[in-house]
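The values are calculated or read from the model by the stated rules, or taken from the named source; none is laboratory data. All figures in this text were calculated on a predicted structure; none of them were measured in a lab. Positions of Cβ are generated from backbone atoms using ideal geometry, with glycine treated the same way; all protein chains shown enter the neighbour counts.
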Amino acid sequence: MKKVGFVGWRGMVGSVLMGRMQELNDFSSIDSTFFSTSQSGQAAPEYVTNKTLQDANSIAELSKMDIILTCQGGDYTSAIHPKLRESGWNGYWIDAASTLRMKENSVIILDPVNRKVIDQAIDSGVKDFIGGNCTVSLMMMALGGLFENDAIEWLTSMTYQAASGGGARHMKELLTQMNTLGQTFTGMDQDQASDILEVDRIITETMNSKSMDTTCFSAPLGGSLIPWIDSPVDLGQTKEEWKGVSETNKILGRNQDNLIPVDGTCVRVGTMRCHSQAFTIKLKKDLSIEEIEKMISSHNDWVKVIPNNPEATRTALTPAAVSGNLEIPIGRLRKMNLGDRYLNAFTCGDQLLWGAAEPVRRMLNILVN
Ligand code: HSE
């Protein structure tokens, strides 16, 4: 049995991963060791093979593993991965953090989309397999059929990203903000138009007052939105927006010569853990909506085409419908009045499942099996 070490199993992504692995009985086919940066020597959870937590900063202990899977975050990766490689460790490193994603000798993992790229990488001796940006992974799960058929000339993705993308504290901050706002209005009994203007004035005042805790987001998110995610990069883009083009093409194994242009505005909205995206897609040729739906829905087991009508959209194409499950609905599919080759689409996906934990869980299984 392969010796697999886990780091960062207690955080939000790690906890979702542990839940999925237990649900699917993944631990039965590995010899598992859990590592901790602060509690080595203490007892590991009962489902783990080795009952004592090991030191996540010990290169000697980590080196005993065939595979290390980390959800500990970028700082840990930056501190430990180089030392481990310099020590001569030649095992597989699977990582949910972005640190190593764009390195030449790493592969971004999303096997329903790029299993061939992954298999070729394993064959050629690549050892670092890194989970993609959540928004990119969710887009590619939704549009995989169009990418696979090379049907896309370019696309824009306008995102509606959940608080969970920032982390657990950000989700809690969103709720405290909603609570602060909610407390200013407690009933539906004010029924005059003039009342609602007064309620709205109080809400706006509260939103911009010190009583809103904005420690994590640096702006009110409850009742508002923030059209900026992550740090600035070149040409006025945010890093999150830059990942759209760079990671998409790396996942597909494309380079500068055959790059698919991807761009858009990434926006944080007040949802909990489900990222949504609106696409404008320039097709390479004029495909019918039936052909497009067939390409999309036949690509993987999780994508689901939602009919472009109000009932189906409200039932199945919202964060409320998708949170906590692996389905990737895509709907609002229609040709735009910009021309026959312009396709409109909208998708939602759970940011912690296909956006984070599931690709790394599946990569572990690829290596183990
Ligand atoms: N960067 C993403 C976000 C989450 O802020 O929503 C991680 O992929």
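Summary table
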{"read-out": "Enumeration of residues in region 221-240 that are more than 16 Å from the chain's Cα centre (by Cα) and either crowded, with 17+ Cβ neighbours inside 10 Å or within 16 Å of the ligand (Cβ to nearest atom) (or both)", "value": "L221, G222, S224, L225, I226, P227, W228, S231, P232, V233, Q237, T238"}
{"read-out": "Residue among G131, G167 that alone is within 10 Å of the chain's Cα centre (by Cα) and either more than 9 Å from the ligand (Cβ to nearest atom) or in contact (Cβ under 8 Å) with a residue 40 or more places away in the chain (or both)", "value": "G131"}
{"read-out": "M141 in contact with a Leu (Cβ under 9 Å, 6 or more places away or on another chain) and touching a residue at least 60 places away in the same chain (Cβ under 8 Å)", "value": "yes"}
{"read-out": "Test: residue in region 244-253 that is farther than 26 Å from L221 by Cβ and at pLDDT below 95", "value": "yes"}
{"read-out": "Selected residue (criterion: farthest from N369 (Cα to Cα)) from residues of region 7-50 that are assigned to a strand (DSSP E or B) and without any contact (Cβ under 8 Å) to a residue 60 or more places away in the chain", "value": "A43"}
{"read-out": "M207, sole failed condition from (1) crowded, with 19+ Cβ neighbours inside 10 Å; (2) more than 13 Å from the ligand (Cβ to nearest atom); (3) within 28 Å of the chain's Cα centre (by Cα)", "value": "(3)"}
{"read-out": "Residue check for E46: of a type in the set (D, E) and farther than 26 Å from Q351 by Cα", "value": "yes"}
{"read-out": "Single match in K250, K243 (criterion: in a helix (DSSP H, G or I) and either in contact with a Ser or Thr (Cβ under 6 Å, 6 or more places away or on another chain) or away from the ligand (no atom under 13 Å from the Cβ) (or both))", "value": "K250"}
{"read-out": "Top-ranked residue of region 264-298 - restricted to ones that are away from the ligand (no atom under 16 Å from the Cβ) and of a type in the set (S, T, N, Q), ranked as nearest to G222 (Cα to Cα)", "value": "T280"}
{"read-out": "Number of the condition not met by S276 [criteria: (1) surrounded by 15 or more Cβ atoms within 10 Å (Cβ to Cβ); (2) farther than 28 Å from L174 by Cβ; (3) among the polar types (S, T, N, Q)]", "value": "(2)"}
{"read-out": "Some residue of region 79-100 being crowded, with 20+ Cβ neighbours inside 10 Å, within 16 Å of the ligand (Cβ to nearest atom) and either without any contact (Cβ under 8 Å) to a residue 24 or more places away in the chain or over 20 Å from G14 (Cα atoms) (or both)", "value": "no"}
